[in-house]
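For reference, the structure discussed in these notes is given below.
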Amino acid sequence: MLNTEDILCKMLFAQLQSIGFFTESKSQPVLENFYGRWFEESQSILERHQFLKRTENGHVPTRSIGTMSELWKEWNEQKSDLLQDNNMKAMVTLVETALKALPDILTGKASATDILFPNSSMDLVEGVYKNNQVADYFNDVLADTLAAYLQERLKQEPEAKIRILEIGAGTGGTSAAVFQKLKAWQTHIKEYCYTDLSKAFLIHAENKYSPDNPYLTYKRFNVEEPASEQHIDPGSYDVVIAANVLHATKNIRQTLRNAKAVLKKNGLLLLNEISDHNIYSHLTFGLLEGWWLYEDPDLRIPGCPGLYPDTWKMVLESEGYRYVSFMAEQSHQLGQQIIAAESNGVVRQKKKTETEEDTGHLQIDAEKDHSQENASLIEQTAQFVKHTLAKSIKLSPERIHEDTTFEKYGIDSILQVNFIRELEKVTGDLPKTILFEHNNTKELVDYLVKEHESKLRTTLLKETKQPAKNEAPLQT
Ligand SMILES: C[S@@+](CC[C@H](N)C(=O)[O-])C[C@H]1O[C@@H](n2cnc3c(N)ncnc32)[C@H](O)[C@@H]1O
């Protein structure tokens, strides 16, 4: 993949110049919505590859790259080799299609969705997710992990009937490999709930997979919203699978909470996810809105929505998933990772309350198991920290992200004195270095709950316990 980066950068650069960027031209298109973010990342890529340099007047070209027809000729020569490689064929065709249409996409004459899914067809994209060795390898690793789980589970509980739910199953790139593996266990599968945000995929899947897989059910499910509000029984699935989808959400922590709410206690989460950033993705999926939805860049790989393996581990563990394992660790350089993790059964869900609906506020309730109170304490402490921080910097608490450092919110040495003083009104004395040691809301909350639990319980929980309307129904 690496040796084609240069020509792809040249083509990107040339296409951007063709619509007025990085030239003397006064008229450049105004990039709407997420294309501003896409363009910033394009500049960074071009800077890294020394096509551009940053000056105080913005980015300027550092070299000339030949005419467009020369570049297409160079691309076509490299492409014919790449097309011999079954692993690259689908991606090469997709990137060429996107590059050709890039000026029209950026100037609003064409939509990236129409270009990548012409006439709503999945054909161009489907081959990226299946029927090539790399995709098939990762899909097989995920399916094998599921098979190992089933084997072990049935050893302990021979009569078990397993329920599986797949999030964002799309065209079934991963599902098809899983169905193949499930054949041996068919009598033990009670349900495989095939879900996606878009109904179009459910219709496609029903036609394609129903005849051979009698346990299939189909539901629309948006993993950014609580399952209980989407006719999905919370806490009722043994396994949740999500392939190439969780990264395409605003807030990865919230997404993991919603996925967890679907799982039974000790249920298995299986993820197939990108493990790195590359120019192919940037020039294809990067042109779609889902790529840029994320609002927690501190957790993402710079310039793209993926998470590095270490970050997945950290986030999963802090959201109460245990035994986080990477099932294809030796192959992460191929661009994907397979993650397995088990739910500890504690579920945190957003729930709108009557009064909060009026203000647009979301109240988070916590429950389940014997840890209902603990989860509630963590949540109330998080709310307390967010409100206190928000007050210090005159921002609305909803705009505080748990993973963003206090420094990014402008908490300097002067503001931190006041911030700590306000926290101490509830916790009692705190170390003056506390914000250095715990430099975002999540870390600070963990510390406060650990070190000042009883103070927090008596103040925060006492205040919030009385109104029953703030409590969500138990989800097991
Ligand atoms: C890149 S495709 C991957 C499809 C499939 N899992 C595979 O690997 O072949 C992402 C899929 O996730 C779906 N999706 C995107 N955002 C979603 C969300 N918030 N909740 C559920 N599904 C979502 C899309 O409709 C699409 O089908």
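Relative contact order for the chain using alpha-carbon pairs under 8 Å, separation at least 6, rounded to a whole percent?
10 percent
Please work out the C-alpha center-to-center distance from the stretch 124-140 to the stretch 20-59 and express it in whole Å.
33 Å
Could you list which residues have their amide H under 5 Å from that of G345, counting only those 5 or more apart in sequence or on another chain, with H placed in the peptide plane?
Those qualifying (amide H under 5 Å, at least 5 residues apart or on another chain) are N266.
Taking a ≥ b ≥ c as the square roots of the eigenvalues of the Cα gyration tensor of the stretch 275-347, is the shape rounded (a/c under 1.5), prolate (a/b larger than b/c) or oblate?
Judged from the Cα gyration tensor, the stretch 275-347 comes out oblate (a/c at least 1.5, b/c at or above a/b).
At a 1.4 Å probe, what is the % contribution of carbon and sulfur to the accessible area of the chain?
50 percent
Could you run the Karplus curve 6.51 cos²θ - 1.76 cosθ + 1.60 with θ = phi - 60° over the stretch 289-300 and give me ³J(HN,Hα) per residue in whole Hz, x for Gly and Pro?
Ordered by residue, 3J(HN,Hα) equals 4, x, 5, 10, 5, 5, 10, 10, x, 4, 8, 9 Hz.
Would you list the P(r) distribution for the chain, with all Cα-Cα distances sorted into 10 Å bins from 0 and each bin expressed as a whole %?
P(r) for the chain, in whole percents per bin: 4, 18, 26, 24, 18, 9, 2, 0.
Please list the radius of gyration and Dmax for the stretch 197-314, considering alpha-carbon atoms only, with Å as the unit.
15.4, 44
Would you kindly derive the ³J(HN,Hα) couplings of the stretch 255-264 from the backbone phi angles with the Karplus curve 6.51 cos²θ - 1.76 cosθ + 1.60 (θ = phi - 60°), listing them in order in whole Hz, with x for Gly and Pro?
Ordered by residue, 3J(HN,Hα) equals 4, 5, 5, 5, 5, 5, 5, 7, 7, 6 Hz.
What is the set of long-range amide H partners of Y192 at a cut-off below 5 Å, with H atoms built 1.01 Å from backbone N?
I164, L216, T217
By the scheme Lys and Arg +1, Asp and Glu -1, what is the net charge of all other residues having a beta-carbon under 11 Å from that of S111?
-2
With a ≥ b ≥ c the root eigenvalues of the C-alpha gyration tensor of the stretch 133-345, is it rounded (a/c under 1.5), prolate (a/b larger than b/c) or oblate?
Taking the square roots of the gyration eigenvalues as a ≥ b ≥ c, the stretch 133-345 is rounded.
Using +1 at the C-beta of Lys and Arg and -1 at the C-beta of Asp and Glu, which of A177, L269, F34 has the Cα lying farthest in the positive direction of the dipole of the chain?
Of the candidates, L269 comes out farthest on the positive side.
With charges set only on the Cβ (+1 for Lys and Arg, -1 for Asp and Glu), what does the dipole of the chain come to about its Cα centre, in debye to the nearest 20?
500 debye
Which shape class, rounded, prolate or oblate, goes with the stretch 2-121 when its Cα gyration tensor gives a ≥ b ≥ c as root eigenvalues, a/c under 1.5 marks rounded, and past that a/b bigger than b/c marks prolate?
Verdict is oblate for the stretch 2-121.
Each residue of the stretch 398-404 in order: what ³J(HN,Hα) in whole Hz does its phi give by Karplus 6.51 cos²θ - 1.76 cosθ + 1.60, θ = phi - 60°, with x for Gly and Pro?
Ordered by residue, 3J(HN,Hα) equals 5, 8, 8, 9, 5, 9, 7 Hz.
Considering only DSSP beta bridges with both partners in the chain, what is the antiparallel share in %, to the nearest 5?
DSSP beta bridges in the chain are roughly 50 percent antiparallel.
So in the stretch 133-345, what percent of DSSP beta bridges are antiparallel if you round to the nearest 5?
So the antiparallel bridges in the stretch 133-345 amount to around 35 percent.
Find the centroid of the Cα atoms in the stretch 159-188 and in the stretch 376-451, then give the distance between the two in whole Å.
What the calculation gives is 44 Å, centre to centre.
If you add up the charges near D6, with Lys and Arg at +1 and Asp and Glu at -1, over every other residue whose beta carbon is less than 15 angstrom from its beta carbon, what do you get?
-1
Can you list the aspartates and glutamates whose alpha carbon sits under 13 Å from that of K265, skipping same-chain ones fewer than 8 residues off?
D238, E342, E367, D369
The values are calculated or read from the model by the stated rules, or taken from the named source; none is laboratory data. This one's a predicted model, so the numbers in the text were calculated from it and none came from an experiment. Glycine gets a Cβ as well: all are built from the backbone with ideal geometry, and neighbour counts include every protein chain shown. Just so you know, the surface numbers come from the protein's heavy atoms only, side chains and all, with ligands and any DNA or RNA stripped out. Shrake-Rupley method; radii C 1.70, N 1.55, O 1.52, S 1.80 Å.
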